[in-house]
Structures are given as structure tokens and as C-alpha cells.
Amino acid sequence: MIVLDERLAAAAQLVRPGSRVADVGTDHGYLIARLLLDGKAVFGYACDIHPKPLEKAAETLKQYGLQDCSALFLGDGLQGLLAEQVDDVVIAGMGGENIREIIRAAAWLRNPEKHLILQPM
């Protein structure tokens, strides 16, 4: 069973029901898995700049049978994702300057229909 820590649980509460969610800096993929298992998200993108966290996320998603409603993205920030693929974006556990650069690099986030959940460290 996936139990989110207090920080990720708070981020999960802010995700809009029925969203397609991108978790930038996904680590183990716990947030995406929990959102999908709870039915809060309809699709989840686990994004990370490093391969090892994505391997862990892939294991988590496979363990819970969530491969068909999720995808893994190896890249910097939201690199590789398109505006029409994502409704809500969670960027948690990174420095504020890093978060700012991720947002700047994805111009499509300026669309008022997009929902950002940011938790800087």
C-alpha cells in the first residue's frame, strides 16, 4: 500500500479530480500511483531528469498495474510533454529557483486552464 508523506499528501489534495497529472521530480512514482489508485487522476506522467528514479517509478506503477494509465518521461522538467497531455502539474521537493526555471521553459503552463501545485524546499 502506498502511503504518502505529509508533503505529498498535501500536494495530492490539491490535484483536481479527473486530471491528467505530471509529477516533475517523481522519485519513486508514489504520488502518481496514489492519484491513479484513488481515481483522482485519469492519467499520470512520472517525470525525472535521472534514470534511476524513473526505474523506481516504473517498478511502483507496474506493482499496482498502472502501466496503461501512466507514462514515464526522462528529461529536464516538463521536456517532452505537450500542453494537451497535461491538466495539473505537481513540482514538489525542489528548490524555488529550479521550479522557476522549469516553469519558464514550458510556455504552455501560462494557459489559465493549467493548474500548478508547487512545493519548494
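The values are calculated or read from the model by the stated rules, or taken from the named source; none is laboratory data. Since the model is a prediction, treat every value here as computed from it, not as a measurement. Don't worry about glycine lacking a Cβ; one is built from the backbone with ideal geometry, like all the others, and counts go over all protein chains shown. Remember, those area values only see protein heavy atoms, side chains included, never the ligands or the DNA or RNA. Shrake-Rupley method; radii C 1.70, N 1.55, O 1.52, S 1.80 Å.
Structure data summary
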| read-out | value |
| --- | --- |
| Residue that is nearest to the chain's Cα centre (by Cα), among those in segment 19-35 that are open to solvent by 20 Å² or more (accessible area, probe 1.4 Å) and over 10 Å from Ile2 (Cβ atoms) | Gly25 |
| From the options Ala46, Ala57, Ala83, Ala71, residue that is of a type in the set (A, V, I, L, M), touching a strand residue (DSSP E or B) at 6+ places or on another chain (Cβ under 9 Å), over 23 Å from Arg7 (Cβ atoms) and open to solvent by less than 50 Å² (accessible area, probe 1.4 Å) | Ala71 |
| Any chance Lys40 is open to solvent by less than 40 Å² (accessible area, probe 1.4 Å), in contact with a strand residue (DSSP E or B) (Cβ under 9 Å, 6 or more places away or on another chain) and basic (Lys, Arg) | no |
| Where Ala10 falls short, out of the listed (1) under 11 Å from the mean Cα position of the chain (by Cα); (2) touching a residue at least 60 places away in the same chain (Cβ under 8 Å); (3) part of a helix (DSSP H, G or I) | (1) |
| Hits in segment 86-121 - residues which are in a strand (DSSP E or B) and open to solvent by less than 50 Å² (accessible area, probe 1.4 Å) | Asp88, Val89, Val90, Ile91, Ala92, Gly93, Met94, Ile117, Gln119 |
